[in-house]
Every structure is written in structure tokens, then in C-alpha cells.
There are 2 protein chains.
Amino acid sequence: MKPLTLPLVLDAMGGDNAPACVLKGASLALVRHPGLRFLLCGDSERLEPLLAAMPPLKAASSILHTTSVIAMDEKPSVAVRQGKNSSMRLAIDAVQEGRAFGVVSAGNTGALMAMAKIVLRTLPGISRPAIVATFPTLRGECVMLDLGANVSCDARDLLHFAIMGDAYARAALGLNRPKIGLLNIGSEDQKGHEALQEAANMLREHGGGLDFHGFVEGNHIPEGTVDVVVTDGFTGNVALKMAEGTGRLIRAYMRDAFTSTWSSRLSALLGKRALTAVRDKLDSRSRNGAMFVGLNGIAVKSHGRADAYAFCNAISVAVDLAAHDINHKIIAELACYEKSTPASAEILPVQEALR
Amino acid sequence: MKPLTLPLVLDAMGGDNAPACVLKGASLALVRHPGLRFLLCGDSERLEPLLAAMPPLKAASSILHTTSVIAMDEKPSVAVRQGKNSSMRLAIDAVQEGRAFGVVSAGNTGALMAMAKIVLRTLPGISRPAIVATFPTLRGECVMLDLGANVSCDARDLLHFAIMGDAYARAALGLNRPKIGLLNIGSEDQKGHEALQEAANMLREHGGGLDFHGFVEGNHIPEGTVDVVVTDGFTGNVALKMAEGTGRLIRAYMRDAFTSTWSSRLSALLGKRALTAVRDKLDSRSRNGAMFVGLNGIAVKSHGRADAYAFCNAISVAVDLAAHDINHKIIAELACYEKSTPASAEILPVQEALR
């Protein structure tokens, strides 16, 4: 664990419930992570009255004032060009300039990714950053990436995602040797896109320290067959949202069923603790906070509609990943991969990227 | 509704529980569809003793004897070459030769698709068949395709899927004007692959009689935002299996929660009907039966592990689709699309295919 001497910078104006939920989330996070300090980017006229009601947070924070905010529906390219003084951009700049150990924002995802890529740049050897988060499984939790940063990916991207997912699972889930699976539409070797076949070969033949399980299918994600699920950003995004929607559908079924008759209502009353336990396990707020992995710095995206509890969890993600020094793990894993790949091997793009 | 004068042919040897579950499923289907007749392809030495115990089914069936069976893990190409006398192939042949109105098999999916494509061929104007099935939503049910036949698709394929999904939703769900959505990772117009953009333009500009809603995201599927979800076979397969796995995960959570304490067990006892209602709604057996749409004939794939109840539902899918003459609906919709597309339009591949 690395001691965090720098503050965490928050885009205090990003998200549907900003700045109130951002500050309340930071307040909650202070209880969970004593000693944490914050740099708050946003409109001081709006932040100060809120901080006045939260003395511990006020004591742990400093404000970087700006009135410019990136709208939730702004095009990323416009945000990059015109948002140089926005709360989001100033927050990312603070990480790049070494004034914060990481940034958390609940603002516009596309704008945050575009700005973070331009300002922080990718880690040496990584060509495309990915969005990574955890997902509940029958065995606990797994890590899935990419969740939407890259619509299509080649074999090398998928290999990099595997390396980054491995580092993430070790940092965030505390696993020693995470089992890695490539998402496909069959477990047989000959299934799927060419890029998948090629990535599987690269992982099998030159896997470095990675524990490559092979292909997994959609149902294997919640079944917990592997610890890290590697896929392109299109499939990953659809799968994640499909699971969220399915959870909501089942909750609606349960609500209907347990309010339909006198006895079911009594049962619900008696089984309140059980129903609450199920609801808590399905609560996506507890898994809020997706890292933009592959960048020179810790950048965590909170859901735009996050409440204080959810935002606090996104802060925890940033704190944990920084404390576990995830980016050094990624760089070390890439180097290990490079070492294990014979110079004469046909597949050299990673080595090229590392030069 | 078209009267079904021909029998339905069953691959009696396909699936993990064949032939027992196939025959038991057919027996159940006879109750649901009185007057239905069956042609059973398989080993008469194994089928006759089973039929002896099911007199109504015996009276409604004739056997097409063969001892050859396609293994569940056989490669499709090998099945096509070496399986000419298999129960699966003889069943498909019976449809092609006009001796059955459709085929249902719980056998090897890839082999069934490959054989059906070669023997039945695609409908005029359709280049690639798709796998289509229904999915539960907050508003009832939706239709989703492709669920795994085509790993990658171009804009024209997606347009054809929209037309076929529309016909399927009208036949299977009884909708007058199904709302159609293209699965994407954002609802904004500029999101996603080029093929998606192009397909959206084709649907917007020359939609024929289709009610095109625009892009939908993964969570919109179970939310019931649209009646027909159009996607490539890779994404559709992952999304479907992810939803199945998520359902299993939540059932496991509920089982744990409702058996953990004395009061939760009592609550489960009292709320048994409510819990059963939820379980029934999640029961994938009730939605067993995916059609290979776009072929000259009705070909329905049952889950390989289907029990009798699930197999009976796959039979119902074939019966309903044949009775609603789905393939004529598809041909008419394609013609309507062709008519609405000006000859001078830039996008002509469908017209070419129709020539």
C-alpha cells in the first residue's frame, strides 16, 4: 500500500446532482478514509455555503474556482476545444501537474475520456485506454473491460485489456493471480471474430504472468467463471447495461409479486431483511466508479445520477487503486509480457509499442 | 391464421434428453394444439417403446427411421458433409420437400443452422438468416435478433433483421406495428459502428412500413423501450446469455436470503406463491424455441437441455409462426421496403438482392 500524500481532485460540478452530492459523497468518504484530502474544482460561490455545513470536509479541502462546466450532453470534441477552464478539465490538469493523485468526476463520460486521454496521455506501451469496473458474480466479484471506450478493438487492444484487467483485479479485488477470460459466443477454440482468435493465441503463447482461462460466454460473467472478463467496448457496454436492466426487471417482478395479495404482503414484512439483503446485493450504487485504465494517472468516472453514497464509492475506487499503485502493476505486467515474448515471434505490436 | 394441413417434423434424437423429452414434449403439445400431427425422425427401435406409452401421440405420429445422429459437439462443416442420413438432416429435408410445415430440433445449433441454410436456402432478398427469440420486459415481451448466427453484420444485414424481426413480432406477439430499435452503446445519433449508422439511415429514410424508434441501449431491452431489438449475432448472443446468467445470480441471492434465518424461511413459506410467480416469470423454459428466420421454411431450435415442457414450447413457436405465415409477412415487408426505396437512392443492395 502506497501512502497517499497528495489530495484527490473532484470535479465538483459534474453529474446530475452536483455539486451537493459530490460534496456529501466526499464527506462520507472522509469517514471511510481518514486523512484523505480533496481539491474541489468548481464554483466557489456554490461550494462554500455547502462546505460551511460540513466542517470536517471543509477542513480537508481546498477549492479551485471556476464557473465553467461541461454540459452532460456536450460533444467530447467540443468539450476538449472549448472547455479548457471547465471544472472537469482543471481537475484532470491537477492530476497531470502532480497536484492530485487522481480525479473523480460524475460528468459527461465522453468528454472526461477525451480530455483525460489528451491531458494525461496513455501509459507507455498502451495504445487505447479502457473503462473498467467490477460486476457481482456467484463467487464474489469480477472485473470487466472495456465497458464503452472503444467501439471496436484489435487483438493487441484485447491483450492490453487483459493485462490492465489483471492489474485491476489484483489491486481492487486483492487477487494474487486472477483468472482471465475472453468474451465470445462459444467456449470452443474456433468461435468468434478473428481479433478474438488472435488475442487468444497471444494470451496462450506469450501470456507472461497471466492466468488465461480461454473463451467465456455471457452467462459465465455473473457465474464467476473468471475474475477478469476481456471484451471490446461495444459488447462490454451492452452486456453491462443488459445486466442492469435485467436486475431492474426482476426487482419489478418481485415488487409486483410481494404486493399482490394479503399473504404476500405479510411475507414481505416478515422477510424484510431477506428482501433488503437481495436489494443491497443488486444495488449498483455499491459498485459505482469505473476507472479509465491505461492512462498516466488515476481517473474514475462516477455514474452521472450518483447519489452521495454512490459518489463516495467512486472515491473509494480511486483511493484503492492509487494506494495499490495500479499503474505500476500494469507497466510491470507489460514488461513481463515483453520479456516472455521471443523476439522472433510473429506478433510484435506490443514490443513495438514499448520501444 | 393459416390451417396447418402438414405435420411438424421433429428431430427426435437431437438434444441432451432425446428422445424421451422430445416425445414427452410432443405429447404435451398435442394437448395444446389438438389436431397437430408429427413426423418423428429417429431410431424407431428407441422411439416405438416410448410411443407405446403415449397412445395419443402414437396416433398422431409417423416415424422416419434412421440410426444416424449428429453429435452435440460435431463441427457444422462435418455434420453437413457426413450427416446426410442423420435425424436432423432428414427432418430438414422433409420441410424442403413439402412433407412437413416446419422442423424443431434440440440438437447441435451450428449444425442445424448450416444444414437448414444449405437445404432450405434463404428467402428471396435475404442474404443471411438470423436466430430470433423473445425476451421478457417490463411491458411484456420483446423480440431480439440476431442471437448468434452472424458474428458480424453489415448495414444491409441489420436492415433485413429489422424487417424479419418486425414480421416475427407481428406473428409471435400479435403486434400491429412493432417499434424497432437498433442496439447501440448510446442513444445519440452519432454513436457506434459505421454499419449501425448506415442501417439507422436506411431505416429512417426508406423504412417501408417499419416503425423505427432509433438506437437503444442494453438496459432498454428488459425495460421494453422497443418491441424488436436488432443487433449483430455476437452482441445479441452475449446480451441474451448475460441476462440469463444475471437471472440465475439473482435467484441464488434470493435462495440464500430466504433460507438464512428462521424468519426468512417462514416468510418464504408464507410468500411461496409470490416467489413462485417471480420464478415462473424468469423461467427461460417458457420462452424456449428460437427461430432461424430468413429461411425458406420454419426451423425452430430448442435449447439442448430442454425438458418436456420447454420442448413443448418450442413446438408452439413453430406452430404459431407457421399459422401466422411469418415468411409471407417477411417477403411482403421486403417488397414494401423495395417499393418505398427510390430507384435512384444510393443504397441499393436490397433491391439488388430482390432481383
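Since every read-out is calculated from the coordinates, none of them should be taken as a lab result. Everything numeric here is computed off the predicted structure, so don't read it as measured data. Positions of Cβ are backbone-derived with ideal geometry, glycine not excepted, and every protein chain shown enters the neighbour counts.
Computed quantities for the displayed model
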{"item": "Cross-link partners of B:LYS75 among lysines (Cα-Cα below 30 Å; sequence separation of 8 or more within a chain)", "result": "A:LYS179, A:LYS191, B:LYS24, B:LYS84, B:LYS117, B:LYS241, B:LYS301"}
{"item": "When the convex hull of its Cα atoms is projected in every direction, mean area for the range B:136-286 (nm²)", "result": "10.0"}
{"item": "Hydrodynamic radius (Kirkwood) for the protein assembly as shown, which is based on Cα pairs only, to one decimal in Å", "result": "27.3"}
{"item": "Inter-chain Cβ neighbour average for residues B:179-186, partner chain, 10 Å", "result": "3"}
{"item": "Label point distance in nm, B:ASP280-A:THR5, each placed 7 Å from Cα along Cα→Cβ", "result": "6.6"}
{"item": "Average other protein chain Cβ within 10 Å of Cβ, residues B:276-285", "result": "3"}
{"item": "Alpha-carbon centroids, the range A:13-50 and the range A:178-237: separation in whole Å", "result": "39"}
{"item": "Nm distances between copies for A:GLY209, ranked from closest, using label points 7 Å along Cα→Cβ", "result": "6.3"}
{"item": "Residues in the range A:1-28 reached by a label modelled at A:ASN85 [backbone nitrogen below 17 Å; 7 Å Cα→Cβ]", "result": "A:13"}
{"item": "Rg/Rh (Cα only; Kirkwood hydrodynamic radius) as it applies to the range A:9-108", "result": "0.96"}
{"item": "Lysines with Cα under 20 Å of A:LYS339, excluding same-chain neighbours fewer than 8 positions away", "result": "A:LYS329"}
{"item": "Förster radius 56 Å - calculated FRET efficiency between A:LEU138 and A:GLU45 (Cβ-Cβ, nearest 0.05)", "result": "0.70"}
{"item": "Residue among B:ALA290, B:VAL238, B:THR66 farthest towards the positive dipole end of chain B, charges placed on Cβ", "result": "B:THR66"}
{"item": "Proximal lysines relative to B:LYS272, as straight alpha-carbon distance under 23 Å, when same-chain residues fewer than 8 apart are discounted", "result": "A:LYS272, A:LYS281, B:LYS281"}
{"item": "Magnitude of the charge dipole, chain B, Cβ model with Lys/Arg +1 and Asp/Glu -1, debye to 20", "result": "1200"}
{"item": "Zone residues, the range B:145-163, relative to B:GLU205, backbone N less than 15 Å from point 7 Å out along Cα-to-Cβ", "result": "B:155-156, B:159"}
{"item": "Calculated on alpha-carbon atoms, Rg and Dmax of chain B in Å", "result": "21.1, 73"}
{"item": "Dipole of the protein assembly as shown, positive direction: furthest Cα of A:LEU47, A:PHE215, A:MET88, with charges on the beta-carbon", "result": "A:LEU47"}
{"item": "Packing rank of A:23-34, A:143-154, B:328-339, where each peptide gets the mean count of other beta carbons within 10 Å, highest leading", "result": "A:143-154, A:23-34, B:328-339"}
{"item": "The protein assembly as shown - charge dipole about Cα centre, Lys and Arg +1 at Cβ, Asp and Glu -1, debye rounded to 20", "result": "2020"}
{"item": "Pseudo-label separations to other copies for A:GLU97 - Cα-to-Cβ vector, 7 Å, nm", "result": "8.2"}
{"item": "Simple spin-label estimate for B:ALA53 and A:ASP73 in nanometres, 7 Å along Cα-Cβ", "result": "6.3"}
{"item": "Volume of the Cα convex hull of the range A:33-91, divided per residue and given in Å³", "result": "93"}
{"item": "Antiparallel DSSP beta bridges within the protein assembly as shown, as percent of all bridges there, nearest 5", "result": "30"}
{"item": "Dipole moment magnitude, nearest 20 debye, the range B:136-286 about Cα centre, only Lys, Arg, Asp, Glu C-beta charged", "result": "1140"}
{"item": "Inter-copy label distances at B:LYS2 (7 Å, Cα→Cβ; nm, one decimal)", "result": "6.7"}
{"item": "Counting DSSP beta bridges with both ends in the range B:1-148, the antiparallel % (nearest 5)", "result": "30"}
{"item": "Kyte-Doolittle mean at least 0.5 and Cα axial length at least 18 Å: DSSP H helices in chain B", "result": "B:20-32, B:308-323"}
